């Protein structure tokens, strides 16, 4: 016979009766409201931090990261799977950079001819990828002569009161555009054509990007002492130290893991690329300050113009190509 006390005991062991639907709905709404409050608070903190960074650096951090990652993915994919997409990408970046620089020079009063500049730039970059080395040098010479002769003929046709010194400046600037943008860009395509050239291109690009990132982070968090206040007030020695550390560490890892070189060659690789990247960055800052502009254009939100992203890369193509010829024999040794 079952004891009634057992029923009472079983009733005590049963879970408590669930709350009413109204109480459950109130809990859901309360949890949702709390979650929305936390999200809004986190968003406000992030926007405040982004505003502080934008005030200090003049850049939109979110857009800069999105655009930078997108460009990096395109470059990485083009180098891994095939060389010609990278060549097309490099040619497009060259044309856009020439357009930006030419427009900036024209706005400052210089007479630079856009059409011959673009045509000559495309010829130089294309020859660097498709033609032999000596033929490439001939194309470079002819392309520069073409823009110079075009400028002189255009000046004679104008028949204005422009002084001899101004004409010489125009010719020098026209030559500089070709040597600075398409010629240096063509060197990376010459490097790309060599054995394991794609890995070398990827390696030196990574060192430049890592160096730039190290300078940005360390300068933003610890920057106190200006490096070149008259040229670029926001660049600091602390930022340069961060860039140096990042570049050398990246150089050692890339030399060892990607290029098959002795680890110590990575120190040379990273240090040399660091120097040319820094010189290129400061050099373009000096040019922009002379032209009275902050960025070459606003085509890349958070970055400025295309040339603003290439200022550290273009000068670094020279040591990248030279170091390839000097260090590659060590791979087999």
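Structure summary
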read-out	value
Subset tally (residues that are part of a helix (DSSP H, G or I) and either at pLDDT below 85 or over 15 Å from residue 128 (Cα atoms) (or both)) for the stretch 75-92	7
Qualifying residue in the stretch 53-60 (condition: crowded, with 16+ Cβ neighbours inside 10 Å, at pLDDT 95 or above and closer than 19 Å to residue 306 by Cα)	no
The lone exception for residue 214 - which of (1) under 27 Å from the mean Cα position of the chain (by Cα); (2) over 19 Å from residue 281 (Cβ atoms) it fails	(2)
Matching entry among 147, 135, 140, 167 (being loosely packed, with under 14 Cβ neighbours inside 10 Å, without any contact (Cβ under 8 Å) to a residue 60 or more places away in the chain and more than 20 Å from residue 74 (Cβ to Cβ))	135
Selection status of residue 272, modelled with pLDDT of 95 or more and in a helix (DSSP H, G or I)	yes
Selection status of residue 203, surrounded by 21 or more Cβ atoms within 10 Å (Cβ to Cβ) and either in contact with a strand residue (DSSP E or B) (Cβ under 6 Å, 6 or more places away or on another chain) or not assigned by TED's automatic domain parsing to the domain that holds residue 108 (or both)	yes
Yes/no for residue 248 being without any contact (Cβ under 8 Å) to a residue 40 or more places away in the chain, part of a helix (DSSP H, G or I) and surrounded by 19 or more Cβ atoms within 10 Å (Cβ to Cβ)	yes
Lone qualifier among 157, 211 - being touching a helix residue (DSSP H, G or I) at 6+ places or on another chain (Cβ under 8 Å) and assigned to a helix (DSSP H, G or I)	211
Qualifying residue in the stretch 220-239 (condition: part of a helix (DSSP H, G or I), in contact with a strand residue (DSSP E or B) (Cβ under 6 Å, 6 or more places away or on another chain) and surrounded by 19 or more Cβ atoms within 10 Å (Cβ to Cβ))	no
Hits in the stretch 251-274 - residues which are surrounded by fewer than 17 Cβ atoms within 10 Å (Cβ to Cβ) and either touching a residue at least 40 places away in the same chain (Cβ under 8 Å) or not assigned by TED's automatic domain parsing to the domain that holds residue 214 (or both)	258, 260, 262
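The values are calculated or read from the model by the stated rules, or taken from the named source; none is laboratory data. Keep in mind that this is a model prediction, so the values were computed, not measured. Positions of Cβ are backbone-derived with ideal geometry, glycine not excepted, and every protein chain shown enters the neighbour counts.
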